[in-house]
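Beneath this line is the structure, given in structure tokens, with notes to follow.
Derivation of every value follows stated rules applied to the coordinates shown; laboratory data play no part. Keep in mind it's a predicted model, so treat the numbers as computed, not measured. Quick reminder, even Gly has a Cβ in these numbers, built from the backbone with ideal geometry, and neighbours come from all protein chains shown.
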Amino acid sequence: MVDDLEPGTAMLAELTLESGADIPVAVVRCDDGGFYAIDDLCTHGEVSLSEGEIDGCMVECWAHGSRFDVRTGEPDELPAMTPVKTYPTRVDGERVLVDVDRPRTKENA
Ligand code: FES
């Protein structure tokens, strides 16, 4: 999976929580090569952020242009005002592991 994501790209991954529920996650590789994971759905509408444009560590929602920082989940442009959840990632060989059961908070960021 590491090789599937060039810097400046994102992909949608359906991941499973410990509870058994599936959630859509956007796995993003920033322009600097770092891997990040955020909720795939924009907090303004039902739009997939993995289909958005990556600029640095920002992903832009294609519907109305809100940009989310994939490191913090914070939007920097209206109309979205609510952050997306972010998840810890770790590279293990050729795989990018995402811990969807422990979303980042201000306390553990
Ligand atoms: S749906 Fe994403 S900014 Fe409106």
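Worth pointing out:
- Cα centroid of segment 27-43 to Cα centroid of segment 56-109, whole Å: 6 Å
- q = 0.11, 0.15, 0.17, 0.21 Å⁻¹: log10 I(q)/I(0) that the Debye formula gives for the chain, counting C-alpha atoms only: -0.29, -0.56, -0.72, -1.11
- Taken about its Cα centre, the chain carries a charge dipole of roughly 360 debye when the Cβ of each Lys and Arg holds +1 and the Cβ of each Asp and Glu holds -1.
- The modelled label-to-label distance between Asp92 and Asp55, using points 7 Å beyond Cα along the C-beta direction, is 3.6 nm.
- Restricting the chain to trypsin sites (Lys or Arg not before Pro) that sit in a DSSP loop and have at most 12 other Cβ atoms within 10 Å of their own Cβ leaves Lys106.
- Loop-located GluC sites (Glu not before Pro) in segment 40-82 (DSSP state not H, G, I, E or B) with no more than 15 neighbouring Cβ atoms inside 10 Å: Glu46, Glu77.
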